[in-house]
1. In nm, to one decimal, how far is the residue B:81 label point from the residue B:32 one, both placed 7 Å along Cα→Cβ?
2. What is the extension gain from residue A:139 to residue A:167, computed as 0.36 nm multiplied by their sequence separation minus the C-alpha to C-alpha distance, in nm to one decimal?
3. In the structure shown, do any of A:35/A:194; A:194/B:25; A:46/B:101; A:46/B:25; A:35/B:25 have a Cα-Cα gap over 26 Å, and if so which?
4. Order of A:117, B:34, B:113 from fewest to most other C-beta atoms within 10 Å?
5. Taking R0 as 45 Å, what FRET efficiency do you get between residue B:53 and residue A:177 from their Cβ-Cβ distance, rounded to the nearest 0.05?
6. Amide H neighbours of residue A:126 under 5 Å, at least 5 residues apart or on other chains, H built in the peptide plane: list them.
7. Tell me, what HN-Hα J-couplings in whole Hz come from the Karplus equation 6.51 cos²θ - 1.76 cosθ + 1.60 at θ = phi - 60° for each residue of region A:176-185, using x for Gly and Pro?
8. Please rank A:147, B:99, B:59, fewest neighbouring Cβ atoms within 10 Å first, as an exposure proxy.
Amino acid sequence: MEHHDNRTSGQPGEALDTDPETVEEDGELAALALKILVAGGFGVGKTTLVGAVSEIRPLRTEEQLSEAGELIDDTGGVDQKTTTTVAMDFGRITIRSGLSLYLFGTPGQDRFWFLWDELSQGALGAVVLADTRRLEDCFPAVDYFEHRRIPFVVAVNCFSEARRYGAHDVSRALDLEQGTPVVLCDARDKDSGKEVLIRLVEYAGRVHTARLLESVGPQAGSV
Amino acid sequence: MNGQWYDAEAGPLVRPYAMTGGRTKPGPHGVRFDLISLVAVDPEGGADETADSLLGPEHRALLGLCRSETQSVAELAADADLPVGVVRVLLGDLLEGGHVKVSRPVPPARLPDERILREVIEGLRAL
């Protein structure tokens, strides 16, 4: 199928289609960074996956929450602290000078959902890591990305002691929308992690193209 | 199990709000620093002595970090060991003082064009 040209090089304020080299213009860097989220339940291997494919050791950023009163109250006011710290692990893959991929492990706890909103802004897509022994742990992540129409793949982390299920079984058990890829993986293995990311980027590209076709119009793509 | 989400009991010696002069948001231009916004030292900026003297130690630490290499906001926060919120405010100062350049955030609901996605896939395969 012939893909239409969705370049927007004529529009001001677009940096995505500029020369591949790191060009500086108007005091802004034209370097491009893409963001992929790694979500899933607690202990499913998010940081392991990030570490397996990252060229830097997984780093940790902390966000200090001082105005999160209502969120803390949600937990029954057990804690008297007015500030709390939430950590996000992340890694980086440099594709070339001026183009890099950042992977963010999303905070696992429900009360930090609001951080996901920021993380998912402009994200290329997400990997939802699943453990077949506790499949329900990844329901919230699946719901989240489906609702926000963020392309995601489900990567089943094959723990050695877990019973093996086929991708199809997992897809059915999670009631995934048709077409959402399910990949079996070993989060500790670099090649396996790479494969997951490749599947995600391919899928994100397909989803994006389909959406552009859906919204065919003179200005498609400039939503 | 919750322990890892909290600070050490005492908290940091210098409180985050002290580093930012009580500000919680970056300067008047309302720049939004995404976690993956890339920051580089502006080669032409920062010569102004008076602007320089207004910089605090954390500003200088951040400048030092992006001097060696273009860095994302997330990396700067991790390397400087500062909360992201603080780093955003300080970067706002540095941007306003003309010390740094920042990449445009990727607009939501937009993906880079196919050529870039292909490049990413090939790059991943080659890892």
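1. For residue B:81 paired with residue B:32, the spin-label model returns 3.2 nm.
2. On the way: separation 28, 0.36 × 28 = 10.08 nm, distance 1.60 nm.
Extra length from residue A:139 to residue A:167 when fully extended: 8.5 nm.
3. Values: A:35/A:194 15 Å; A:194/B:25 37 Å; A:46/B:101 32 Å; A:46/B:25 30 Å; A:35/B:25 23 Å.
Cα-Cα > 26 Å for A:194/B:25; A:46/B:101; A:46/B:25; rest within.
4. Working: A:117 10, B:34 23, B:113 19.
Going from sparsest to densest Cβ surroundings: A:117, B:113, B:34.
5. On the way: r = 57 Å, r/R0 = 1.26.
So, using R0 = 45 Å, E works out to roughly 0.20.
6. Residues meeting the criterion, in which the H sits 1.01 Å from N, are A:37, A:152, A:153.
7. Once θ is set to phi - 60°, the couplings for region A:176-185 become 6, 5, 4, x, 5, x, 10, 10, 8, 8 Hz.
8. On the way: A:147 8, B:99 24, B:59 18.
Ordered from fewest to most neighbouring Cβ atoms within 10 Å, A:147, B:99, B:59 come out as A:147, B:59, B:99.
Rule-based calculations on the coordinates, nothing more; no lab input. This structure is a prediction, so every number in the text was calculated from the model and none was measured. Methodologically, a virtual Cβ is constructed for each residue, glycine included, from the backbone with ideal geometry; neighbour enumeration extends over all protein chains shown.
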